[in-house]
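For reference, the structure discussed in these notes is given below.
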Amino acid sequence: MHKGFLQAAAIIGALSVVLGAFAAHSLKKTLPADTLQVFETAVRYQFYHVFALLAVGILYKDFPGITLLWAGWLFITGMILFCGSLYFLCYIKHQELNMNWVGAITPFGGAAFIAGWVMLFWGIFKQN
């Protein structure tokens, strides 16, 4: 399974660069500064967790087990919920849609990130 996390990290990492460039070159012209900052936060957290996913993929070789698998899946879930909800929030603000409830999803993604880090720690710790 570690190969799958490494492949996912590579693809999500490339997507992070594309989205960051899109924000810097295209969205800067169309989004208000506060909305652009939300988009950039999503890109930043997505990119941070690409490295976490890479770490899981690499460490799984030496620390195999369900706990590291959970860590990887929680990082992916966090990217979808946290970053995805922020991207969507920027879209609905740009389109002036009344769907601000989307922001309520973001903390679930943050909780998944935290749980992923805890699982990463636990997966390495319990191998002692």
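Give me the residue from segment 85-128 that is over 16 Å from Gly72 (Cα atoms) and touching a residue at least 40 places away in the same chain (Cβ under 8 Å) and, out of that set, surrounded by the fewest Cβ atoms within 10 Å (Cβ to Cβ). Checked segment 85-128; the qualifying residue surrounded by the fewest Cβ atoms within 10 Å (Cβ to Cβ) is Lys126. Pick from segment 37-64 the residues that are of a type in the set (Ser, Thr, Tyr) and surrounded by fewer than 18 Cβ atoms within 10 Å (Cβ to Cβ): which of them is farthest from the chain's Cα centre (by Cα)? Checked segment 37-64; the qualifying residue farthest from the chain's Cα centre (by Cα) is Thr41. Only residues that are more than 18 Å from Leu31 (Cα to Cα) and more than 18 Å from the chain's Cα centre (by Cα) were counted across segment 89-120, and they come to 1.
Within segment 1-12, being within 16 Å of Tyr87 (Cα to Cα) and surrounded by fewer than 18 Cβ atoms within 10 Å (Cβ to Cβ) holds for no residue. So which residues in segment 73-103 are at pLDDT 90 or above and farther than 22 Å from Phe47 by Cα, if there are any at all? Selection gives Ile92 alone. Taken as a whole, the condition of being surrounded by fewer than 14 Cβ atoms within 10 Å (Cβ to Cβ), in contact (Cβ under 8 Å) with a residue 24 or more places away in the chain and either farther than 19 Å from Leu120 by Cα or not aliphatic (A, V, I, L, M) (or both) does not apply to Thr77. The C-beta contact set for segment 50-72 (first residue at negative phi, second residue at pLDDT below 95 and of a type in the set (Val, Ile, Thr), distance under 7 angstrom, 6+ apart or interchain) comprises Leu59/Ile124; Phe63/Ile124.
Would a scan of segment 65-72 turn up a residue that is crowded, with 19+ Cβ neighbours inside 10 Å, within 12 Å of the chain's Cα centre (by Cα) and modelled with pLDDT of 95 or more? Within segment 65-72, one or more residues are crowded, with 19+ Cβ neighbours inside 10 Å, within 12 Å of the chain's Cα centre (by Cα) and modelled with pLDDT of 95 or more.
The values are calculated or read from the model by the stated rules, or taken from the named source; none is laboratory data. Computed from a prediction, not measured in an experiment: that's the story for all the values here. Cβ atoms come from the backbone with ideal geometry, glycine included; neighbour counts cover every protein chain shown.
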